[in-house]
Structure formats: structure tokens, C-alpha cells
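Peer 1: Supplied in C-alpha cells, the structure appears directly below.
The values are calculated or read from the model by the stated rules, or taken from the named source; none is laboratory data. Quick caveat, the model's predicted, so the values are computed rather than measured. Glycine gets a Cβ as well: all are built from the backbone with ideal geometry, and neighbour counts include every protein chain shown.
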Amino acid sequence: MKTHSSSQDLSGQWKIQHFEVGEKRAMDVAAAALDDRFWIGAEVPGDVHAALVERSIIDPPYYGHNDAKSRWIEQKEWWYRTTFNLVRDAETEEHFELVFEGLDTFATIYVNGHEVGKTANMLMSHAFDVTSLVRSGWNAIAVKFDPLHLHHRDKETFDWSSYTKERPWLRKAAMNFGWDWGPRMVTVGIWGTVRLEKRTIAKLENMYARTESVSSELAVLHVTADVKSVLSYRNRQKREQAVVATCNVRLLDRSGHEVAGVTELPVEGGIADTTLNVTSPQLWWTHDLGEPYLYTLEVTLFADGVEVDRYSEPYGLRTIELALHNERGEDAFTFILNGVKVYAKGANWIPADHLIGAIPNSRYRELVELSVEGHMNMLRVWAGGIYEKDVFYDECDRQGVLVWQDFAFANALFPDFNRDFMDNVRQEVENNVLRLRNRASLALWCGNNEIDWLYDMKSASGDITSPFYGELIYHELIPEVLERLDLSRPYWPSSPFGDSNGQDANDPDVGDRHNWQVWHGSVYPRKHGEPPLLDYSIEGVTFKNYKKDHALFSSEFGMHASANRYTLEKNMPAGQFYWGSPEMAYRNKDTNHQKGILLMEGYTGIPQNIEEYMNYSMLTQAEGLRYGIEHFRRINHRNSGALVWQLNDSWPGTSWSMIDYELLPKASFYYGKIFFHPILLSLEHEPGEPLTLWVVNDTRDVLKGELRLNVYALNGEKIYSSSHVVEVTSQSSRCIAELTEVQVLQGRRAEEVMVELVSEGFAAPSNRYFLRDPKDVKLPESQLSVHVNEEEQSVTVTASGAIARLVKLELPLGRVRFSDNYFDLLPGESRTVRLRHPEQTSLPLTELRVSAMNGREG
């Protein structure tokens with residue numbers, strides 16, 4: 001978290017009220033002395049929806065169909081008000097700026113009854129000079145928010161804007177208008193922190209720190225400070241000589257000792273510029289490659305020898321590159337951290353709640369912690385949300401997770417021919433680049449989500465007949481801003497992007513790729529300019545299509561799974577928690593519900609009740625993601641990344657997420673602890689074909705040991721075992737052995753066995769597989785015995801009779817962390833699962849529910 005000196009926090013309790021448009025004169029409502037005692041209390045940061053829920057004025061919008069009952073909010077004019085006290089120094093010229101980190105969206109700001117400015121962008125911070133308006137003693141702030149329709153109703157609409165035609169002119173989180181995983185919920189309010197900044201003489205306007213080079217012996221850090229005078233014209237004229245400004249720049253280690261620094265650095269032309277040499281540096285790494293070490297960078301500004309401003313923030317020494325060719329000169333898409341290749345494992349991040357302003361910091365911390373626990377090292381901040389809050393990047397910096405940062409342009413045409421719109425966009429881009437460019441975790445700027453690719457497809461199909469409105473943003477405006485403000489990390493114009501030999505932008509041979517053959521049934525390969533084709537069939541949507549994908553970097557792919565039982569039951573009216581209910585259908589915002597049915601039909605069979613739906617959809621997602629990711633990782637000589645769509649949810653629905661809205665991981669998350677592990681034991685196999693045994697090594701060490709293959713009958717009898725020598729060089733994959741089905745089955749049928757891979761001599765999680773799809777495997781009934789240890793907050797589950805498939809532990813509580821879940825057990829095998837909660841030391845283990853697809857506790 002960055003800190004500046006002399007800042008007064010104005011967040012906390014404000015008052016809100018709504019009016020019809022034109023009902024009140026703005027200056028009357030903004031008047032400093034207005035009696036707002038009977039207005040509604042509201043927390044800042046926050047939003048109107050969250051405030052009205054807190055005061056029981058509206059029903060919780062995620063319960064049932066309640067979101068539809070809160071649509072009236074977006075039609076009103078909303079006001080926020082607060083007061084604060086200030087002590088001004090009559091002997092010193094003081095400069096005051098009122099800073100809003102987030103205003104949603106069209107706001108007019110008043111201080112002591114005076115209008116100080118308007119905003120038209122939710123996606124950036126806003127600062128106002130209020131020096132002449134604030135006074136010693138009591139002060140008042142009022143903020144008026146216009147309903148959005150006033151600002152787009154007279155605008156032209158375009159051929160293409162996914163989910164709603166109103167948003168291209170509005171610089172607001174696109175997902176507020178609804179997406180294929182969440183409802184329409186058009187928020188309004190002060191969604192970021194508010195503060196009053198005080199300066200004298202001069203201030204540190206911007207800081208830029210970039211690591212120019214690193215080695216084990218030396219890191220070179222370049223620091224530039226932009227300094228701005230805050231003296232009034234009158235006081236500048238009074239001074240007999242110009243202010244002499246200097247900066248002290250220091251890099252401190254964790255113990256507070258200075259490891260590099262420069263004192264009395266002169267400020268010339270408003271800029272102080274220096275280079276720090278750090279000997280024997282501690283580098284910032286992703287958590288899987290090393291330690292995400294953070295120094296503290298501190299810059300102090302002096303005017304005529306007196307300290308007037310100070311800036312401090314954690315800083316990681318590291319270099320980041322994007323290699324578009326490998327050492328053989330072939331096309332690639334590989335992130336290089338401190339000279340070391342990174343295999344990017346992770347997921348796409350959407351806003352952690354539809355009510356963005358009300359998201360607690362703990363929610364960010366827990367989601368990033370879960371990502372690390374799941375062996376993810378990269379999160380892609382998707383373009384249809386926001387440039388995330390500082391706490392998100394704080395946690396990624398601290399926990400060693402790289403961030404792929406989209407600019408906020410998703411799935412639409414945008415009016416790049418309009419000067420006012422482009423000026424607004426330029427301010428947004430500059431604002432966020434300046435805010436985020438010092439982050440160690442930030443690995444890539446990306447211009448948009450899917451726009452270049454979809455423009456071609458929609459043009460070819462005749463859905464779009466207009467020019468490529470918005471193209472200037474991603475291919476001219478953003479690159480120009482980055483050339484001025486941040487050359488320390490790569491820029492990629494769109495995702496997906498890149499084509500060769502006439503293929504479209506989703507070409508597997510160039511750039512990154514989104515695989516939507518699986519789930520959406522997109523037919524590939526596709527040439528540029530060809531109408532897109534969809535195959536809504538079992539064969540068209542199956543996850544077995546992943547093995548046909550040899551992408552250089554897979555930045556989006558995935559499939560739906562049910563949310564956990566607690567998440568669904570908590571948010572559904574009584575009597576609606578059943579398979580096929582209207583409320584269950586309402587939880588699924590995808591455009592065609594048949595895709596999920598087809599996927600399950602081909603793999604597990606069609607569920608007949610809610611229990612089967614939860615199990616079948618979760619198993620299909622988990623096994624499907626494993627199938628794809630293990631394939632991508634096995635071809636790591638070519639593929640350098642697998643980012644699942646999506647990590648999290650913004651409301652309690654059915655979606656592609658690996659972690660549901662109540663922060664309860666789905667089965668795929670626990671599978672991911674294995675398929676994202678730095679060392680992966682992998683079985684490549686299709687029915688009737690040989691079993692190929694692989695070891696994938698993402699570490700920087702050579703692996704040596706043995707790989708053991710065990711084959712079990714469904715009753716737990718071991719029918720075959722073999723051991724194979726392993727030697728795998730760093731950051732590579734290797735086929736260790738190949739065996740026929742006849743060898744390993746020992747006369748059994750393939751649907752009657754389970755295969756296990758186990759490492760010996762090196763640490764890797766074991767990996768278990770069935771050789772046929774679940775619909776073809778007739779599992780005998782398994783009995784589960786459960787032992788609860790209240791003192792240790794743990795549960796031990798033991799299976800008997802037959803292999804227990806997808807053992808599931810459930811508590812009627814959100815945010816519970818299970819050390820393991822959704823696992824298979826051999827007869828006689830026990831597994832102890834530890835439970836914890838971020839805020840509760842004792843969990844209601846008497847309400848624990850334990851089951852498997854083919855058995856229950858008993």
C-alpha cells in the first residue's frame with residue numbers, strides 16, 4: 001500500500017438520499033447547512049445497494065429473484081453527504097486536494113455548497129483542488145450521482161455491445177449490466193476511499209520505480225519523482241528566490257536497514273531522477289519459484305531543507321519480459337521473470353462481488369490466499385470489471401502472484417471517433433498506469449478482452465457492418481500512453497491476439513488463445529473472415545477437444561459447475577432447491593443451458609436430481625480442467641500458460657468458477673492442487689490406447705527418482721504395479737513409460753479399475769484416474785466411517801467395501817477452508833481433513849455432512 005504524508009481519511013459513515021431527476025435544485029441539496037439528519041446512513045467505500053440492504057430498505061438482491069426488485073435504484077438521482085472538521089494553519093500556505101478513489105459514475109462534487117467539478121468515469125480516481133473552499137472548523141461535502149440514462153439515452157448505438165447496447169459510451173464496469181455469469185445490477189455511489197490531502201510548498205506528484213536489471217550480485221533500480229509546486233501565484237511572486245527542492249531516495253530491507261540510497265537529489269524541471277545499485281539483492285519471485293521479497297521504497301521531498309512530502313511503498317526487485325520466440329526462433333508466448341521462464345498457472349479474475357464498493361478487504365486476501373494454496377502463480381484481471389483496488393495488488397505482491405491486467409474494454413465497439421470519449425479514456429488509462437506501474441506483481445498490460453477476435457467473427461457473420469470502432473484505443477492510444485509512462489513491462493493489444501497463414505486472432509500458433517470449443521462448441525480451425533460455426537452436440541462441447549489444442553498460451557478456457565450446497569440453499573426460497581427448478585435456472589446466466597447438459601450427458605450421464613447435478617457438474621468440471629491442463633503442461637516445450645475461466649464469482653450462481661460466491665472451493669479447486677502443482681505426475685490415455693506416464697517439472701531443479709504405477713480393482717484389490725526410473729530436467733516434461741491396457745488390466749475390464757501414479761525419491765502429489773468415463777463405470781456401494789476431532793478441528797474419513805468416488809465434506813457455513821475435499825478413497829484408506837475459518841476458531845462439526853457419489857456415512 002502506498003502512503004503519502006498529511007492525509008485525512010474521510011471514508012466511513014456518510015448519509016444518502018434519492019430524488020426524482022429534477023425534483024430538487026442541486027444547490028439546495030448541496031448547501032453546506034442542509035439538514036440531512038433523517039437521511040439514510042451509508043458506509044463509504046460502498047454503494048447504494050449495499051447501504052439499502054444494510055438498513056433493510058431493500059431485500060438482499062442475491063436471494064431468489066430479488067435483484068429484479070432493486071432495478072428502481074438505477075433510475076433515481078442519488079446524493080451522498082458528510083461533514084468533517086479541519087484545523088488550518090494561518091501562518092502557512094496550505095494546499096488541499098479532495099481525492100476520491102472511486103466514483104460510480106456521473107458525479108458532481110460540492111464542498112461547502114460550491115460545485116468543484118464533475119466526473120464521468122467509474123474506473124479511475126478523481127482529485128479536486130479545494131484550497132480556497134475548505135475552512136478551519138466544520139466543512140461539508142455533497143456528491144450528486146446522475147442516473148446513467150441521462151448520459152446515454154441520446155447517444156447512437158452500435159451493431160455490437162454484448163448484453164446491453166447502453167454501455168459503450170459509459171466508462172463503468174461492464175459486468176454491472178449483466179454477463180453470462182451474473183445478473184444486471186447497476187450500482188451507484190462512492191466505491192473507493194475518500195481523503196483530504198494537505199501539502200505545503202510542493203508535493204510528490206508521481207513516483208516511477210523500475211528494475212532495469214537483476215543478477216545474484218546486483219540489481220539496478222531507476223527511480224523518477226515528479227514534483228509539483230503547490231504555491232499560489234501570489235505567494236510565488238512574493239518569494240525573493242525560487243524554492244530549492246531536493247529528494248532523498250532510500251530502499252529499505254524488511255528490518256528497516258537502508259540497502260541503497262541517495263540524499264539531496266536535486267529536483268530539476270520538476271523531476272528528480274536517480275539510479276540505485278543494490279548489491280546481493282533479494283529478488284521478488286512468484287511463490288512457486290522463490291520468495292516474493294518486498295523492500296520498502298521511500299522518497300522524501302524537501303523544500304529549502306524542510307520536509308514537505310513523503311512517499312513510501314513496498315517494492316519488489318524483479319524484471320519481467322514476454323518472449324514471443326523461443327531459443328530456437330519459433331513462435332512462443334512465455335513470461336520471463338528475472339531471466340527464468342514461468343509456466344503460468346492460474347485463472348481469470350472477475351470482480352469479487354457485483355457490489356464492488358462494499359467488498360471487504362478480507363475477501364481479496366482470502367481469494368488470493370486460495371489461489372496460492374491451489375498452486376496458481378498468475379491471475380488475469382478481466383476487462384469487464386475494474387482496475388482492481390489496491391488491496392488486490394497488495395496481496396498479489398505479498399503472496400507472489402503475477403497479474404495479467406486487462407484494460408477495461410470488453411466485448412463491444414467503442415466510439416473512438418469522439419473526442420470527449422477519447423479524452424476520458426486517455427485520463428483513465430494514464431490514471432491507472434500511474435497507479436499500478438510500480439507493482440512487482442503486474443506482468444502484462446492487455447488492451448481488451450476478445451474484441452479484435454470477435455469483431456472479425458461478427459463481421460464475417462453479418463452481425464457487424466460498421467468499421468472497427470475502438471481500434472484506435474488498443475492499437476494507438478494505449479501504446480502511446482505506455483511508451484510515455486511505463487516501458488517496464490510488455491503490452492499485448494487484445495486477448496486472444498495473433499494470427500498466421502490467414503488464421504483468425506485465436507490462432508494456436510501465435511500469441512494467446514481462448515479455447516471455447518469446449519463448452520461453447522466453437523468449431524476450429526477458423527480462417528480470418530470465415531463465418532463462425534457452433535457445434536452444439538456431445539462431440540462439439542466435450543472437454544476431450546482440449547487435446548486437439550496446441551496453443552502457445554491458453555488464457556481462457558473452462559466449463560460450468562454447480563455452486564456448493566450451502567451457497568445455493570442460502571440464496572434460494574424454500575422449496576426451490578431441486579434440479580430443474582425456476583430458481584436453479586435463474587442461477588445460470590449462460591446463454592444456452594443445453595451446453596452443460598450435453599457435457600454431462602457425454603461424461604457422467606444426465607443428472608436426475610439436485611444431488612446428482614451438484615456431483616456430476618463438479619466432477620465434469622474438475623476432470624475436464626484436469627484433462628486440459630495436464631495436456632497443456634505435458635507440451636510445455638510449446639505451451640507456457642493455462643489460465644482457467646474463471647477463479648471466482650460475483651454472486652451466488654452456477655458458473656465457470658473454481659471458487660463459489662461464499663468462498664467455498666468447488667471440486668476443480670481441489671483437483672487443481674494436483675494439476676497445478678509444480679511437479680505433476682500425469683497419465684495420458686484414451687480408451688483402447690496405451691497408457692503413457694509423464695512427469696512435468698516446473699521447478700528449477702532436476703528431478704530424480706521413480707514413478708510407480710498402481711492399478712486397483714473397484715473393491716480395492718491391487719491387480720498390477722510397476723516402477724519406472726525418473727530423471728527430468730528443470731522446467732520440462734518427459735514421457736517416462738508407455739504400457740498397454742492389456743498389461744495393466746490383468747484380464748479385468750477397463751471400467752472396473754482405478755489407476756494411481758505415485759512418486760518415490762521426489763515430492764509430488766499422487767494422481768488417480770479411471771480409464772473410462774463415469775457413466776460407464778458401475779461403482780459398487782462404498783461405506784464411509786467418519787471420526788471428528790473437535791479439539792484439532794479435523795475429520796478423518798475411511799472407506800470400506802469399494803472405492804469411494806468424490807468424497808465430499810460439507811458444513812452449512814461459508815468461507816470454510818478444508819485442507820482437502822472431493823477426493824477418492826480406496827477401501828481401508830483413511831484421509832484426515834483439517835478445517836479452519838478466517839474468523840471462527842471453532843466450527844459446527846456436529847453439522848458436518850460427508851458423502852460420496854456411491855456412498856454415505858454409515
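Peer 1: Of the numbered conditions (1) touching a Pro at 6+ places or on another chain (Cβ under 7 Å); (2) under 29 Å from Tyr364 (Cα atoms), Tyr613 fails exactly one; give the number of that condition.
Peer 2: So Tyr613 meets the others, but not (2).
Peer 1: Moving on to the next point. List every residue pair whose Cβ atoms lie under 6 Å apart, where the two residues are 6 or more positions apart in sequence or sit on different chains, the first residue falls within segment 835-856 and is closer than 27 Å to Ser782 by Cβ and in the same structural domain as Ala804 (by TED's automatic domain parsing), and the second residue, located anywhere, is outside any loop (DSSP other than H, G, I, E, B) and modelled with pLDDT under 95.
Peer 2: Val850/Glu857
Peer 1: Could you tell me which residue of segment 222-254 is surrounded by the most Cβ atoms within 10 Å (Cβ to Cβ), considering only residues that are outside any strand (DSSP E or B) and at pLDDT 95 or above?
Peer 2: Checking each candidate, the answer is Asp253.
Peer 1: How about segment 414-462: which of its residues are in contact with a Ser or Thr (Cβ under 8 Å, 6 or more places away or on another chain) and assigned to a loop (DSSP other than H, G, I, E, B)? Please lay out each step first, then the result.
Peer 2: Filtering segment 414-462 for residues in contact with a Ser or Thr (Cβ under 8 Å, 6 or more places away or on another chain) gives 431, 435, 437, 446-453, 459.
Within segment 414-462, Arg437, Gly447, Asn448, Glu450 qualify.
The rows are residues; the columns are (1) touching a Pro at 6+ places or on another chain (Cβ under 8 Å); (2) charged (D, E, K, R).
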{"residue": "Lys15", "(1), (2)": "no, yes"}
{"residue": "Ala42", "(1), (2)": "no, no"}
{"residue": "Glu74", "(1), (2)": "yes, yes"}
{"residue": "Tyr80", "(1), (2)": "no, no"}
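Peer 1: While we're looking at this one, here's another question. Hand me the list of helices (runs of 4 or more DSSP H) wholly inside segment 1-119 holding 3 or more residues that are in contact (Cβ under 8 Å) with a residue 24 or more places away in the chain.
Peer 2: 26-30, 48-54
Peer 1: Next up: Which residues, counting only those in segment 327-343, are surrounded by fewer than 19 Cβ atoms within 10 Å (Cβ to Cβ), on the phi > 0 side of the Ramachandran plot and in contact (Cβ under 8 Å) with a residue 60 or more places away in the chain?
Peer 2: Gly339
Peer 1: Quick one: which residue in Val194, Val214, Val188 is surrounded by 15 or more Cβ atoms within 10 Å (Cβ to Cβ) and under 22 Å from Asp67 (Cβ atoms)? Spell out how you get there, then give the answer.
Peer 2: Values: Val194 fails: under 22 Å from Asp67 (Cβ atoms); Val214 fails: under 22 Å from Asp67 (Cβ atoms).
None of the other options fit; the residue is Val188.
Peer 1: Please return the ranges of strands (runs of 3 or more DSSP E) entirely within segment 684-740 where 1 or more residues are surrounded by 20 or more Cβ atoms within 10 Å (Cβ to Cβ) and either among the acidic types (Asp, Glu) or free of Cβ contacts under 8 Å to residues at least 40 places away in the same chain (or both).
Peer 2: Fully inside segment 684-740 and qualifying: 691-697, 718-728.
Peer 1: Follow-up. Where in segment 545-629 are there helices (runs of 4 or more DSSP H), lying fully within it, with 2 or more residues that are more than 23 Å from the chain's Cα centre (by Cα) and of a type in the set (A, V, I, L, M)?
Peer 2: 582-586, 594-603
Peer 1: Now a separate question. So for segment 813-825 (the condition being without any contact (Cβ under 8 Å) to a residue 60 or more places away in the chain and not in a strand (DSSP E or B)), does at least one residue qualify?
Peer 2: yes
Peer 1: Give the residue, chosen from Leu771, Leu745, that is touching a helix residue (DSSP H, G or I) at 6+ places or on another chain (Cβ under 6 Å) and closer than 12 Å to Val711 by Cα.
Peer 2: Being touching a helix residue (DSSP H, G or I) at 6+ places or on another chain (Cβ under 6 Å) and closer than 12 Å to Val711 by Cα holds for just one of Leu771, Leu745, which is Leu771.
Peer 1: Here is a further query. For segment 511-539, how many residues are farther than 21 Å from Ala460 by Cα and within 29 Å of the chain's Cα centre (by Cα)?
Peer 2: Taking segment 511-539 as the starting set, the residues that turn out to be farther than 21 Å from Ala460 by Cα are 511-512, 518-519, 537-539.
In the following step, the residues that additionally are within 29 Å of the chain's Cα centre (by Cα) were identified as 511-512, 518-519.
Number of matching residues: 4.
Peer 1: Pull out all pairs, ordered by first then second residue, where Cβ-Cβ is under 7 Å, the residues are six or more apart or on different chains, the first lies in segment 534-550 and is assigned by TED's automatic domain parsing to the domain that holds His631, and the second is of a type in the set (S, T, N, Q) and in a helix (DSSP H, G or I).
Peer 2: Listed pairs, sorted by first residue: Tyr536/Gln594.
Peer 1: Here's a follow-up. If we scan segment 332-344, do we find a residue that is under 24 Å from Asn121 (Cβ atoms) and among the hydrophobic types (A, V, I, L, M, F, W, C)?
Peer 2: Within segment 332-344, the subset under 24 Å from Asn121 (Cβ atoms) is none.
No, there is no match, as no residue in segment 332-344 is under 24 Å from Asn121 (Cβ atoms) and among the hydrophobic types (A, V, I, L, M, F, W, C).
Peer 1: Now for a different question. From the list Val788, Val807, which one is assigned to a strand (DSSP E or B), within 25 Å of Leu709 (Cβ to Cβ) and at pLDDT 95 or above?
Peer 2: Checking each option against the conditions leaves just Val807.
Peer 1: Let me ask something else. Six or more apart or on different chains, Cβ under 9 Å: which pairs go from a residue in segment 567-580 that's in contact (Cβ under 8 Å) with a residue 60 or more places away in the chain to one that's buried (at least 18 other Cβ atoms within 10 Å of the Cβ) and of a type in the set (Lys, Arg)? Could you list them?
Peer 2: Pairs found: Leu568/Arg587; Asn571/Arg587; Met572/Arg587.
Peer 1: Considering only segment 791-798, I want to know if a residue exists there that is in a loop (DSSP other than H, G, I, E, B), without any contact (Cβ under 8 Å) to a residue 12 or more places away in the chain and either touching a helix residue (DSSP H, G or I) at 6+ places or on another chain (Cβ under 7 Å) or outside the structural domain of Arg633 (by TED's automatic domain parsing) (or both). Full working, then the answer.
Peer 2: Initially, segment 791-798 is screened for residues in a loop (DSSP other than H, G, I, E, B), giving 791-793.
From what is left, the residues that are without any contact (Cβ under 8 Å) to a residue 12 or more places away in the chain are 791.
Pick out the ones that are also either touching a helix residue (DSSP H, G or I) at 6+ places or on another chain (Cβ under 7 Å) or outside the structural domain of Arg633 (by TED's automatic domain parsing) (or both) and you get 791.
Checked segment 791-798: at least one residue is in a loop (DSSP other than H, G, I, E, B), without any contact (Cβ under 8 Å) to a residue 12 or more places away in the chain and either touching a helix residue (DSSP H, G or I) at 6+ places or on another chain (Cβ under 7 Å) or outside the structural domain of Arg633 (by TED's automatic domain parsing) (or both).
Peer 1: Looking at (1) closer than 30 Å to Gly339 by Cα; (2) surrounded by fewer than 21 Cβ atoms within 10 Å (Cβ to Cβ), which is the only condition Ala219 fails?
Peer 2: (2)
Peer 1: Still on this structure: Please go through segment 757-776 and give me each residue that is in a strand (DSSP E or B) and either of a type in the set (S, T, N, Q) or at pLDDT below 95 (or both), ordered by number. Working first, answer last.
Peer 2: So in segment 757-776, the residues in a strand (DSSP E or B) come out as 757-760, 767-770.
Scanning segment 757-776 gives Ser759, Asn767.
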